[in-house]
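The values are calculated or read from the model by the stated rules, or taken from the named source; none is laboratory data. Remember, it's a predicted structure, so these values are computed and weren't measured experimentally. Glycine gets a Cβ as well: all are built from the backbone with ideal geometry, and neighbour counts include every protein chain shown. To get the accessible areas, we keep the full protein, side chains included, count just its heavy atoms, and leave off ligands, DNA and RNA. Shrake-Rupley method; radii C 1.70, N 1.55, O 1.52, S 1.80 Å.
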Amino acid sequence: MEQHSSSSPSPPRSQERLTRWRSVTELPLVGAALVFVAAYAWPILDPGLSQNWREFCEVLLVAVWVVFAADYATRLYLAPNRWTFIRGNLLDLMIVVLPMLRPLQLVRLLTVLSLLHRHMSVSLRGNVILYTAGITVIMLLMASLSILRAEQDAPGANITTLTDAFWWSLVTVSTVGYGDFYPVTGTGRLIAAFLFIMGIGLLGVITGTLSTWLVQRVDDGSDKHAQETDTATREQLRELTEQVRALRAELGRTAETAEPVPPDRPEASP
């Protein structure tokens with residue numbers, strides 16, 4: 001009878017192979033995202049860029065899109081349950097399908113945060129703060145570049161420089177909205193609506209994290225006070241118990257050493 005090896009090869013579609021693929025492609029995808037940022041930002045920051053360089057940047061953008069599309073298709077193929085994978089990676093699917101969302105490919109830079117987390121020992125609250133800060137920085141960067149690209153050549157636009165765009169993004173995502181800068185194009189207003197929603201979500205995350213931290217501090221203080229009170233109460237009970245035992249022992253010794261009282265003699269009759 002033919003003997004089979006105990007270590008059989010993993011099936012083409014398995015969670016193990018999907019995890020291995022993600023581990024291998026993390027850093028290359030981060031590099032692709034950085035290339036995308038450079039190719040996307042260069043024509044925006046340099047309006048006088050020659051047509052040849054603009055076409056080169058467009059080629060790089062398409063190449064990065066192909067890379068991310070191939071990565072998504074590979075992960076979809078390796079996923080054990082494809083519908084579960086699609087539902088859990090809707091943002092990746094939208095980035096691949098909708099060209100207008102290609103600036104969101106920068107969220108791949110969050111992989112750097114996950115790599116940093118692997119080599120750090122931080123609490124859950126620290127993870128939330130880390131990822132929230134990373135998302136905020138990436139969102140402000142891409143919103144500033146996107147709004148500047150949409151607004152800088154529009155008639156009547158007031159967001160025409162990178163500093164104006166970054167200031168507008170900052171006050172918008174913080175839900176302050178001074179109104180000194182505002183978009184005049186449809187694309188710019190869509191970006192503003194996206195920042196409104198993300199800003200409310202980020203404020204909710206930050207508020208929830210701080211509230212959890214304060215409640216935990218109060219609970220820790222209450223628990224510590226309760227433990228100290230219980231310890232003091234147990235010590236007092238122990239001391240009282242010892243005193244009662246000592247008193248009982250003293251009373252016992254006193255009763256043993258006491259002399260018996262003689263009975264009264266009857267008086268003689270006259």
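Of the chymotrypsin sites (Phe, Trp or Tyr not before Pro) found in segment 130-227, those that fall in a DSSP loop while having at most 16 other beta-carbon atoms within 10 Å are Tyr178. Taking all protein chains together and rolling a 1.4 Å probe, Asp71 ends up with roughly 10 Å² accessible. Residues Thr175, Thr209, ordered by accessible area of protein heavy atoms at a 1.4 angstrom probe radius and largest first, appear as Thr175, Thr209.
Heavy-atom accessible area with a 1.4 Å probe sorts Ile197, Ile135, largest first, into Ile197, Ile135. Taking the accessible area of segment 23-107, probe 1.4 Å, and keeping the other protein chains in place, the carbon and sulfur fraction comes to 73%.
Each label point was placed 7 Å from the Cα along the Cα-to-Cβ direction; for Gln243 and Leu45 their separation is 7.8 nm. Just so you know, the averaged projected area of the alpha carbon convex hull for segment 23-107 sits at 5.8 nm².
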